[in-house]
Protein chains: 2
Amino acid sequence: MDIVIPLYEDFEPLDAVGPYQMLSHLPGAAVRFVAVGETKQVNDSLGGLHLDVGARYQDVDACDVLVVPGGPGARRLLTDGAFVDWVRRMHAGTQYTTSVCTGALVLGAAGLLDGLDATTHWASGKDLAQYGATYTGERVVRQGRIITAAGISAGLDMALHLAALLTDDTTAQAVQLHAEYAPEPPFDSGTWEKASPAVRELVHQLP
Amino acid sequence: MDIVIPLYEDFEPLDAVGPYQMLSHLPGAAVRFVAVGETKQVNDSLGGLHLDVGARYQDVDACDVLVVPGGPGARRLLTDGAFVDWVRRMHAGTQYTTSVCTGALVLGAAGLLDGLDATTHWASGKDLAQYGATYTGERVVRQGRIITAAGISAGLDMALHLAALLTDDTTAQAVQLHAEYAPEPPFDSGTWEKASPAVRELVHQLP
């Protein structure tokens, strides 16, 4: 089971590492990163991760699962015709084509979301309409073999859904147990609906 | 606010990237990785992340917050006297000294957990006793300015606790909203207590 996660300049780290962490422990799965750009060096959006990626996306002809992470750099991908074509080509042969956060916009640009329900980061929900998709605001949205996840941390939940589809519930639950994924956030402020006016104002000023 | 996360050969990726993702968006905070090893190149435990880290731990004399991630490689750190000494020295000057997963064993080896309650990955709870610590099995345990988190994904929750301590609740909630951290795991199998016998057996066979 060949799972491919493209990384590009200014990807959001948890978008990529969440699914990578979960799916790497799936029996029979091999997860690999591929670089989108001129070189095999990729830097994340937060300035701390400087990665040497083993391959470029052009080196990959097919995969079983594609996971497109989001991040500030995803916007630049939308006009990268060669990469968008590659996503469309990969999708023709995948079992599942998936996204986290604004990675959904890349799927949209590739024409994969036309007429479908989908989700993305709460701040980008309105951007899905231009691709013919309906933003549902749900955590994980599956439409056949396309799965989109909400913002950043939602890739963890999407990966467990995906793990169950690729194997079975017991295996996905074992992956969850390994990662001790029994979340207990100290606040209940993770969605726009739940956040207070003060939090909504402050979120736009965060670095 | 200088937040330092040491990375070493075979660190578990989400242990480090979870807190990094959350804390990097904290106003006034700078999060940086430092390498533990002969070079500034570090590889994670899952084989996909090959990192060029900007500095070695020896280059850092003090920090405000220390976050020690866990992973298979953490065991080797326990007998690395120079690194353990550095952790102890850092702690003398931190506002908060923290760990995720088996990073707690490193704090233990540095003598920081003697007589304290603490937590770590469920599979390593029994290993805390040799350092005079009591494993509580809780998600996040704060004892004064030492905070330990449970396995792998628990660093996300720990980071939000820490964010509130370093700033205020509203800011921590804005960080949570930014990451859309409103978890919805599709299964309730994230702790040993909640996992079924079949899941408990399978978890030890995962890659």
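The values are calculated or read from the model by the stated rules, or taken from the named source; none is laboratory data. Please read all numbers here as calculations on a predicted model, not as lab measurements. Positions of Cβ are backbone-derived with ideal geometry, glycine not excepted, and every protein chain shown enters the neighbour counts.
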Self-check item: Options A:A62, A:A74; residue that is in contact with a Gly (Cβ under 8 Å, 6 or more places away or on another chain) and over 14 Å from A:L7 (Cα atoms)
Solution: A:A62
Quiz item: Say we look at segment B:143-159 and pick out the residues that are of a type in the set (A, V, I, L, M) and assigned to a strand (DSSP E or B); which of these is nearest to the other protein chains (Cβ to nearest Cβ)?
Solution: B:A149
Quiz item: Does B:T167 fit the bill of being closer than 18 Å to B:V100 by Cα and hydroxyl-bearing (S, T, Y)?
Solution: no
Practice problem: Give the residues of segment A:31-66 that are hydrophobic (A, V, I, L, M, F, W, C) and within 12 Å of chain B (Cβ to nearest Cβ), sorted by residue number. | Solution: A:V31, A:F33, A:V34, A:A35, A:V42, A:L46, A:L49, A:L51, A:V53, A:A55
Practice problem: Go over the candidates B:D64, B:D85 one by one and state the one that is farther than 30 Å from B:A174 by Cα and of a type in the set (D, E). | Solution: B:D85
Practice problem: Determine which member of the set B:G54, B:G81, B:G93 is exposed (fewer than 15 other Cβ atoms within 10 Å of the Cβ) and at pLDDT below 95. | Solution: B:G54
Quiz item: Within segment B:160-202, which residues are surrounded by 20 or more Cβ atoms within 10 Å (Cβ to Cβ), within 20 Å of the chain's Cα centre (by Cα), not small (G, A, S) and not in a helix (DSSP H, G or I)?
Solution: B:Y181, B:P183
Quiz item: Among the residues of segment A:103-129, which ones are touching a residue at least 40 places away in the same chain (Cβ under 8 Å) and in a loop (DSSP other than H, G, I, E, B)?
Solution: A:T120, A:H121
Quiz item: Is segment B:123-134 home to any residue that is at pLDDT 95 or above and either closer than 20 Å to A:S153 by Cα or facing chain A (nearest Cβ under 10 Å) (or both)?
Solution: yes
Quiz prompt | Matching residues in segment B:68-85 - criterion: being in contact with a Pro (Cβ under 9 Å, 6 or more places away or on another chain) and under 25 Å from B:H161 (Cα atoms) | solution = B:V68, B:P69, B:G71
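Name the one entry in B:G37, B:G48, B:G28 that is surrounded by fewer than 15 Cβ atoms within 10 Å (Cβ to Cβ) and out of contact with any Leu (no Cβ under 6 Å at 6 or more places or on another chain).
Sole residue among the options that is surrounded by fewer than 15 Cβ atoms within 10 Å (Cβ to Cβ) and out of contact with any Leu (no Cβ under 6 Å at 6 or more places or on another chain): B:G28.
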